[in-house]
DNA sequence: AATCTACGTAAGCAGTCGCTTACACTGACC
DNA sequence: GGTCAGTGTAAGCGACTGCTTACGTAGATT
């Protein structure tokens with residue numbers, strides 16, 4: 001889980017993840033979306049996402065097709081929601097109250 | 001925003017953040033919750049959280065009192081929710097459908 | 001078989017991280 | 001004023017990161 005959070009903390013990986021969010025893409029196609037970085041760098045990012053189980057890999061001849069792994073994404077979201085839930089509502093109320101006071 | 005996500009990706013900092021979630025705490029009190037790490041390390045973690053605006057600092061004589069900054073926490077949560085929203089529902093549906101098929 | 005395409009991976013590098021120890025500073029207390 | 005408690009910060013260290021270049025390898029194409 002910590003792996004997943006650390007993986008998500010990197011902007012480039014968030015973008016990659018969004019690319020394979022809805023459709024399966026080959027590594028080369030993913031890499032070609034980034035013109036300021038090597039194909040190798042993207043491959044390594046894909047490795048991180050794979051180890052974090054945020055993407056799944058499927059082989060098709062030469063190519064490797066990637067897609068987001070919904071179970072793990074849901075797990076991550078749930079983890080964070082539980083984290084927020086451990087006290088944020090109260091804080092949000094406090095923040096909104098403070099805002100109202102400021103606007104008075 | 002990226003600062004906040006990176007800050008949250010570190011388990012120790014998540015724990016610190018939770019400590020000052022609901023009540024204000026002095027740096028020493030925070031540090032004393034961790035017995036496997038130096039007070040200095042905690043102070044540096046607090047620096048990271050402060051720069052990410054996830055905590056606010058208030059001085060009281062000798063001491064510095066920390067508390068979570070609700071605005072930034074809400075901003076981070078919103079950012080992530082928008083990220084999930086950019087396609088996760090569909091994936092979640094797909095995952096649940098796959099689960100149902102597996103259970104058949 | 002030779003070669004090309006698609007990809008992972010090893011090596012190396014500069015930068016960052018999380019940590020420790022050591023020091024500096026600022027208020028409280030005598 | 002001198003000391004003490006509370007705290008940030010500089011320096012240094014080993015580990016890790018994100019990147020590049022270079023290489024390896026499996027499958028498609030000829």
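Observations on the structure shown:
- Condition check for residue B:65: more than 14 Å from chain A (Cβ to nearest Cβ), more than 10 Å from DNA strand C (Cβ to nearest atom), in contact (Cβ under 8 Å) with a residue 24 or more places away in the chain and closer than 16 Å to residue B:1 by Cα: no
- Some residue of the stretch A:6-16 being farther than 30 Å from residue B:15 by Cα, within 14 Å of DNA strand D (Cβ to nearest atom) and touching a strand residue (DSSP E or B) at 6+ places or on another chain (Cβ under 9 Å): no
- Verdict on residue A:16 being over 15 Å from residue B:5 (Cβ atoms), modelled with pLDDT of 95 or more and within 10 Å of DNA strand C (Cβ to nearest atom): no
- All positions within the stretch A:32-57 that are within 14 Å of another protein chain (Cβ to nearest Cβ) and away from DNA strand D (no atom under 11 Å from the Cβ): A:53, A:54, A:55, A:56
The values are calculated or read from the model by the stated rules, or taken from the named source; none is laboratory data. All values derive from a computational prediction rather than experimental measurement. All Cβ positions, even for glycine, are placed from backbone atoms using ideal geometry, and neighbour counts span all protein chains on display.
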